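Below you will find the structure I want to go over with you.
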Amino acid sequence: MGSHLMIEPCSRCRSNAVVHQPYSGQHLCGQHLASSVRKRSSRELRLQLELPKDARHEDGSPYRILVAVSGGKDSAVLLTMMSDIIGQRRDVDLIAGCIDEGIDGYRAPSLECARELAGRLGIRFETLSYVTMDFGRMDEVVAKIPVMGERHDEAKGLMSCSFCGVFRRQTLNTLAQRVGADVIALGHNLDDMAQSILMNLQKGEIDRSVRLAPHTQSPIDGIAPRIVPLRWIPEQEIHAHAIQSGLPFHHGECPHAPGAMRQQSRAVVAGMESQTPGARHGLLHSIDQIRGLHQKAYPKAKNEVNRCVECHEITSKDVCQACTMRQWLEEIS
Ligand code: SF4
Ligand SMILES: [Zn+2]
Ligand SMILES: [Zn+2]
């Protein structure tokens, strides 16, 4: 946050700026921010999702995109943008999907924001809950974490978000299957991406890093690939744009977030960016290059598809992580 209160003029017109981009040296007003967000995200959407003129399947059904929405600003901008760019196409179907984790005081109001926005845009809205998936409510999962840690070595030290992340991926895959989605669009912004890259790299997890979305160049059999059209847009710009456009979104944070590894990473990325503007872009460019090299080094990196004996989801083990965790939870109830 700058300490000066003077409002700077937009670098492209004379209106008051709403954001400053230290990495580009520009100030942007609401209108020029909107056109810039649109330009960056539609270019990225085209790169990540190459749709033919007629994207319908052989049976005539439309190409389906499940847009994962949370009620927060990022997915609100994503859904609006997708609706603007491809919402009119008759060969493409957009569906908004919200996962209900079962978190008191957080999910109910944000889910309503998501539902409202989908309604405004005339987009079909679907939800799927952890309870329906037999994981139980996330609030109850959190209460059982200490006991699970005592009973299972593998569960030791796992935090709320470790469980929630596994459950969310599984729930989203199930929702995608249910609605027949060809691809899933996620609202990750530049900060989210930079944080994920840093977290994977600091744990030495190159494989995980190269598997980060977008997946359209290296799809895995049986899982709807993820696209992330907002990945080059900083969180602050998404936030300013969501407010400028009057999008309904929920401001609250998940009560289980504090203490998560992402919080540390968030602070590190913010610190890097303020010292070296452009650092977040640099992290993302680096991972794209590493991914390219990785694909060259392992051209047929066979996605040997192994399926969970319990749920048939893709996993490298006999029983997938989600089913393992579900088992731990069931032992306690
Ligand atoms: S902050 Fe963690 S527990 Fe809360 S919704 Fe996100 S992943 Fe789940
Ligand atoms: Zn302007
Ligand atoms: Zn399973």
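Residue by residue, what Karplus-based ³J(HN,Hα) values in Hz, rounded to whole numbers, does region 285-293 have, using 6.51, -1.76 and 1.60 with θ = phi - 60° and x for Gly and Pro?
Going residue by residue, I get 4, 4, 5, 5, 5, 4, 4, x, 5 Hz, with x marking Gly and Pro.
Next up: Before I look further, what does the chain give for accessible area per residue, probe 1.4 Å, in whole square angstrom?
Details: 17450 Å² over 333 residues.
Heavy-atom SASA per residue in the chain reads 52 Å².
Ok, one more. Could you tell me, in Å, what Rg and Dmax come out for the Cα atoms of the chain?
Just the Cα atoms of the chain yield Rg and Dmax of 20.5, 64 Å.
Here's another thing I want to ask about it. Given H placed 1.01 Å from N in the peptide plane, which residues other than close sequence neighbours of residue 72 have an amide H under 5 Å from its amide H?
250
What list of ³J(HN,Hα) values in whole Hz, one per residue of region 86-93 in order, does the Karplus curve 6.51 cos²θ - 1.76 cosθ + 1.60 (θ = phi - 60°) give from phi, with Gly and Pro shown as x?
10, x, 8, 5, 7, 8, 10, 10
Report the local net charge at residue 105: Lys and Arg +1, Asp and Glu -1, summed over other residues whose C-beta lies under 11 Å from its C-beta. Intermediate results must be reported in sequence, preceding the final value.
Values: positive: 107; negative: 104, 139, 253.
Neighbour charge sum, excluding residue 105 itself: -2.
Would you mind telling me the share, in percent, of accessible area of region 1-133 contributed by carbon and sulfur at probe 1.4 angstrom?
Working: 3430 of 7110 Å².
C and S fraction of accessible area: 48 percent.
Related question: Rounded to the nearest 20 debye, what is the charge dipole size of region 61-298 about its Cα centre when +1 sits on each Lys and Arg Cβ and -1 on each Asp and Glu Cβ? Please report the intermediate quantities before stating the final value.
On the way: 25 positive and 27 negative charges, 81 e Å.
I would put it at about 380 debye.
Which value in Å does the Kirkwood hydrodynamic radius of region 178-302 take, with 1/r averaged over all unlike C-alpha pairs and then inverted?
16.2 Å
Would you calculate the separation in nanometres between label points at residue 132 and residue 220, each defined as 7 Å from the Cα along the Cα-to-beta-carbon direction?
2.3 nm
Continuing with this model, one more query. How much accessible area does residue 139 have with a 1.4 Å probe, in Å² rounded to the nearest 10?
Accessible area of residue 139: about 40 Å².
In addition: Check which residues have an amide H placed less than 5 Å from residue 18's amide H, if you skip close sequence neighbours.
28, 29, 30
Loop sites only, by DSSP: take the trypsin sites (Lys or Arg not before Pro) in the chain that have at most 11 other C-beta atoms within 10 Å and name the longest stretch containing none of them. Before the final figure, lay out the partial values.
Numbers: sites that count: 14, 53, 90, 156, 203, 300, 302, 317.
My reading of the result: 204-299 is the longest stretch.
Then there's this: How many nm is it between the label spots at residue 116 and residue 159, if each spot is 7 Å from the Cα in line with the beta carbon?
With each label point 7 Å from Cα toward Cβ, the separation is 3.1 nm.
Which one of 170, 180, 289 has its Cα pushed farthest toward the positive end of the charge dipole of the chain, where Lys and Arg give +1 and Asp and Glu give -1 at the Cβ?
So the residue furthest toward the plus end is 289.
Then there is this: Hey, can you grab everything whose amide H is under 5 Å from the amide H of residue 100? Only 5+ residues off in sequence or another chain; H modelled, so Pro and N-termini drop out.
Here the answer is 128, 129, 130, since their amide H atoms fall under 5 Å of that of residue 100.
So if I restrict to the alpha-carbon atoms in region 94-226, what is the Rg, and what is Dmax, the biggest pairwise distance, in Å?
16.4, 48
Also, quick follow-up: Between residue 289 and residue 333, take the C-beta separation as r, use R0 = 35 Å, and let me know the FRET efficiency to the nearest 0.05. Mind dumping the intermediate values first?
Values: r = 47 Å, r/R0 = 1.35.
For residue 289 and residue 333, the calculated efficiency is 0.15.
Mind checking which of 26, 95, 141 is farthest towards the positive end of the chain's charge dipole, using Cβ charges of +1 (Lys, Arg) and -1 (Asp, Glu) about the Cα centre?
Towards the positive end, the residue furthest out is 26.
Mind ranking 313, 116 by accessible surface for me, highest first, 1.4 Å probe?
Values: 313 20, 116 90 Å².
Heavy-atom accessible area, descending, gives 116, 313.
Enumerate the calculated ³J(HN,Hα) couplings along region 66-78 in order (Karplus 6.51 cos²θ - 1.76 cosθ + 1.60, θ = phi - 60°), each rounded to whole Hz, writing x wherever the residue is Gly or Pro.
8, 9, 6, 10, 10, x, x, 5, 5, 6, 5, 5, 4
Take 272, 82 and sort them by solvent-accessible surface of the protein heavy atoms, 1.4 Å probe, largest at the top. Provide the component values of the computation, followed by the final result.
Numbers: 272 70, 82 0 Å².
Ranked from most to least accessible, the order is 272, 82.
A further question on this structure: For the chain, what proportion of DSSP beta bridges, expressed in % and rounded to the nearest 5, is antiparallel?
If I count the DSSP bridges inside the chain, around 25 percent turn out antiparallel.
The values are calculated or read from the model by the stated rules, or taken from the named source; none is laboratory data. What you see is a predicted model, and the numbers here were worked out from it, not measured in a lab. No Cβ is skipped: glycine too gets one built from the backbone with ideal geometry, and neighbour counts run over all protein chains shown. The accessibility values were calculated without ligands, DNA or RNA, using every heavy atom of the protein model including side chains. Shrake-Rupley method; radii C 1.70, N 1.55, O 1.52, S 1.80 Å.
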